[in-house]
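Input: a single structure, listed below in structure tokens.
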Amino acid sequence: MRIAMIGTGYVGLVSGACFSEFGVEVCCVDKDAGKIERLKRGEIPIYEPGLDDLVARNVAAGRLSFTTELAEAMAGVDAVFIAVGTPSRRGDGHADLSYVYGAAEEIARHLDHYTVVVTKSTVPVGTGREVERIIRAARPDAAFDVASNPEFLREGSAIGDFMRPDRVVIGAGSDRAREVMRQLYRPLFLIETPIVMTALETAELIKYAANAFLAVKITFINEIADLCEKVGANVHDVAKGMGLDGRIGRKFLHAGPGYGGSCFPKDTLALVRTGQDHDSPVRIVETVVDVNDKRKKAMAQRVIDACGGSLAGRTVAILGVSFKPNTDDMRDAPSLDIIPALQTAGASVRAFDPAGMHEAAKLLPGVTWCEDSYQALDGADCVAILTEWNEFRALDLKRVKALLKRPVMIDLRNVYSPADMAAAGFTYTSIGRPAQANEDVAP
């Protein structure tokens, strides 16, 4: 089989490379000529563990190629996937679908045989029908179907998520389109992956509903963590006691500074707007959006309080700025709220992140970027952990203490045990746990 993948961002590049690993011939197309040239040279524009090897292997095998020409990419394809960005539209929070609709217009110009047009981007309900209308208006004679195939890739583990997913969701209205999609995903049928076949609108809504529910879980446990601090309870134990209930599950019950990234912030906001537009508001998600925004902004105050109420003339070491480990993605990262607030409070900021500093430097002026954790700590008045990269989980605490002016740590990811930090002589602040809690650290 042969497919075209429009867009070489996170979703398009990962999906295209993984399909080629299945044995499908994939041509990825992008208007950014510089990006395509870099990909042809084997340079990967995003940080995702294992992606460079996957791309190189399939390019060498002749199954994966890159071009700026959609006509070339669509020659003889069974399906063309739209995997372009759908950021929040400035001013109203709706998903900006201009790239999706622009891709639909271009696809229409190059259709010369039956093709399934697949929306891989995260799009609101009704987008697939509009894509169909755009193509049909331009090419009433064309043979095509529109399908929805939302992605469920977690940054940092996207390849494994694609190769062994919890499920594959396909929204399509014709048997012919469903059969093309079945053949593309045949390797997953063979390992008995659940394949959910639905109507177009249902598939579009599944993606938003899933992301919104996970955002609700994160926000819920964050508010429970705040309550734990007031009543002397331990949020880790509360989360464990909840998560062992099979109806709830343990995942996404880790207290922290709030969710960020490329999906949850824009998808929750888009779902809120969709509900409002259809006079069916999703009040829970509306509240989640508001609570999460306020939480990220409030985290800086924890650092200020840990330093005695003032950061004037002081230096704060920051470990981790990307929104989660194993990615360089800075979109809606808590650090984008926390670090500017610390600077406004008078602090100088020294920071280190294993992958995110190049992107972060464009967004966080005035930060001193360091080569490793210990350089960031050297001479700082305190250290705050904002992202739970593995290399921050086993810092040499004696060395940390020696480098800091004062042994103050604000751990917004609950990486360390409060009891261990107290024994090591640190003034330690975490999320939702008593100061002397003796427990296992966060997974």
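The values are calculated or read from the model by the stated rules, or taken from the named source; none is laboratory data. Quick caveat, the model's predicted, so the values are computed rather than measured. Counting neighbours? That spans all protein chains shown, and the Cβs are built from the backbone with ideal geometry, glycine included.
Just to check your reading of the model, which residue among Arg136, Arg176, Arg164 is farther than 18 Å from Tyr10 by Cβ, touching a residue at least 60 places away in the same chain (Cβ under 8 Å), among the basic types (Lys, Arg) and surrounded by fewer than 20 Cβ atoms within 10 Å (Cβ to Cβ)?
Arg176
Of all residues in region 202-216, how many are more than 16 Å from the chain's Cα centre (by Cα) and surrounded by 17 or more Cβ atoms within 10 Å (Cβ to Cβ)?
The total comes to 4.
Picking from Val125, Val118, which residue would you name as being in contact (Cβ under 8 Å) with a residue 60 or more places away in the chain and more than 17 Å from Phe19 (Cβ to Cβ)?
Just one listed residue meets the conditions, Val125.
Does Lys251 qualify as being under 21 Å from Ala419 (Cα atoms), outside the structural domain of Asp92 (by TED's automatic domain parsing), basic (Lys, Arg) and surrounded by fewer than 19 Cβ atoms within 10 Å (Cβ to Cβ)?
For Lys251, the condition - under 21 Å from Ala419 (Cα atoms), outside the structural domain of Asp92 (by TED's automatic domain parsing), basic (Lys, Arg) and surrounded by fewer than 19 Cβ atoms within 10 Å (Cβ to Cβ) - is not met.
Listed here are the residues, each with its yes/no results for (1) over 20 Å from the mean Cα position of the chain (by Cα); (2) among the charged types (D, E, K, R); (3) at pLDDT 95 or above.
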| residue | (1), (2), (3) |
| --- | --- |
| Ile304 | yes, no, yes |
| Val316 | yes, no, yes |
| Thr327 | no, no, no |
| Asp337 | no, yes, yes |
| Leu342 | yes, no, yes |
| Ala351 | yes, no, yes |
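If Ala402 meets every condition in (1) buried (at least 22 other Cβ atoms within 10 Å of the Cβ); (2) more than 16 Å from Gly320 (Cα to Cα); (3) of a type in the set (A, V, I, L, M) apart from one, which number is that one?
The failed condition is (1).
Can Lys401 be described as assigned to a helix (DSSP H, G or I), under 25 Å from Glu48 (Cα atoms), at pLDDT 95 or above and out of contact with any Lys or Arg (no Cβ under 9 Å at 6 or more places or on another chain)?
Taking the combined requirement at face value, the residue does not satisfy it.
What number goes with the only condition from (1) surrounded by 15 or more Cβ atoms within 10 Å (Cβ to Cβ); (2) in contact (Cβ under 8 Å) with a residue 60 or more places away in the chain; (3) in the same structural domain as Tyr101 (by TED's automatic domain parsing) that Ile170 does not pass?
Against the list (1) surrounded by 15 or more Cβ atoms within 10 Å (Cβ to Cβ); (2) in contact (Cβ under 8 Å) with a residue 60 or more places away in the chain; (3) in the same structural domain as Tyr101 (by TED's automatic domain parsing), Ile170 comes up short only on (2).
Checking the condition within 19 Å of Asp145 (Cα to Cα), at pLDDT 95 or above, crowded, with 21+ Cβ neighbours inside 10 Å and not charged (D, E, K, R), which residue from Ala108, Ala75, Ala103 passes?
Ala103
Mind listing whichever residues of region 1-24 are within 24 Å of Asn326 (Cβ to Cβ), among the hydrophobic types (A, V, I, L, M, F, W, C) and either touching a strand residue (DSSP E or B) at 6+ places or on another chain (Cβ under 8 Å) or crowded, with 20+ Cβ neighbours inside 10 Å (or both)?
The answer is Met5, Val11, Leu13, Val14, Ala17, Cys18, Phe19.
Within the set of pairs 6+ apart or on separate chains, which have a first residue in region 303-325 that is within 19 Å of Ser430 (Cβ to Cβ), a second that is surrounded by fewer than 20 Cβ atoms within 10 Å (Cβ to Cβ) and among the β-branched types (Val, Ile, Thr), and C-beta atoms under 8 Å apart?
Ala306/Thr427
Can you confirm whether Thr193 is surrounded by fewer than 19 Cβ atoms within 10 Å (Cβ to Cβ), under 30 Å from Pro325 (Cα atoms), at pLDDT 95 or above and polar (S, T, N, Q)?
Considered against the rule, which asks whether it is surrounded by fewer than 19 Cβ atoms within 10 Å (Cβ to Cβ), under 30 Å from Pro325 (Cα atoms), at pLDDT 95 or above and polar (S, T, N, Q), Thr193 comes out as yes.
Restricting attention to region 229-264, which residues are at pLDDT 95 or above and part of a helix (DSSP H, G or I)?
Glu229, Lys230, Val231, Val235, His236, Asp237, Val238, Ala239, Lys240, Gly241, Met242, Gly243
Counting only residues that are touching a Leu at 6+ places or on another chain (Cβ under 9 Å) and buried (at least 22 other Cβ atoms within 10 Å of the Cβ), which one in region 222-246 is farthest from Ala172 (Cα to Cα)?
Here the residue is Val235.
Can Ser121 be described as modelled with pLDDT under 95 and either closer than 14 Å to Val80 by Cβ or outside the structural domain of Glu48 (by TED's automatic domain parsing) (or both)?
Considered against the rule, which asks whether it is modelled with pLDDT under 95 and either closer than 14 Å to Val80 by Cβ or outside the structural domain of Glu48 (by TED's automatic domain parsing) (or both), Ser121 comes out as yes.
So which residues in region 25-62 are within 24 Å of the chain's Cα centre (by Cα), surrounded by 14 or more Cβ atoms within 10 Å (Cβ to Cβ) and charged (D, E, K, R), if there are any at all?
Asp30, Lys31, Asp32, Lys35, Arg38, Glu48, Asp52
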